[in-house]
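Presented below is the structure to which this report refers.
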Amino acid sequence: MKCYQHRDADAIGICKACGKGLCEKCIVNADFGITCSEKCTKEVTQGHKLITNAVTLYSGQKKTSLLHPLFVISMGVLFLIFGIQEELWAIIPVGILFFSFGVGLLVTHLKSYQEIKKDSL
């Protein structure tokens, strides 16, 4: 592969943003790879920031992902207890619905967690 700008020079790298072949004279050293211009350096930097933010968000999501199903299950239990104690029979199906939905969310979460754990081994 030849340099996109110096056709007689061999390329020693490829721009991380646009994929052009680069010789030693054309390389712009970005923090996270090599690029051909300042424009491509900005794109690579923005892309790295997006990836870093996504990783940060995903790692925080792992810690709180059980909260949602547990909250829905607890609301179902509360509706059931309240409906039975106050003899409000119309509220009991709502409690059953919340409880069932929460259990479904919990099972789905645990299955996906096991798949992710199995894939990482």
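Annotations for the structure displayed:
- Unique residue being of a type in the set (A, V, I, L, M) and in contact with a helix residue (DSSP H, G or I) (Cβ under 8 Å, 6 or more places away or on another chain) when the list is L50, L80: L80
- Test: residue in the stretch 101-112 that is surrounded by 13 or more Cβ atoms within 10 Å (Cβ to Cβ), β-branched (V, I, T) and at pLDDT 95 or above: yes
- For the stretch 49-67, the criterion of a residue being free of Cβ contacts under 8 Å to residues at least 24 places away in the same chain and crowded, with 18+ Cβ neighbours inside 10 Å is satisfied by no position.
- Test: L50 is closer than 30 Å to L106 by Cα and in the same structural domain as F98 (by TED's automatic domain parsing): no
- Residues in the stretch 6-23 that are assigned to a loop (DSSP other than H, G, I, E, B) and surrounded by 14 or more Cβ atoms within 10 Å (Cβ to Cβ): H6, A9, A11, I12, C15, K16, A17, C18, K20, C23.
The values are calculated or read from the model by the stated rules, or taken from the named source; none is laboratory data. This structure is a prediction, so every number in the text was calculated from the model and none was measured. Don't worry about glycine lacking a Cβ; one is built from the backbone with ideal geometry, like all the others, and counts go over all protein chains shown.
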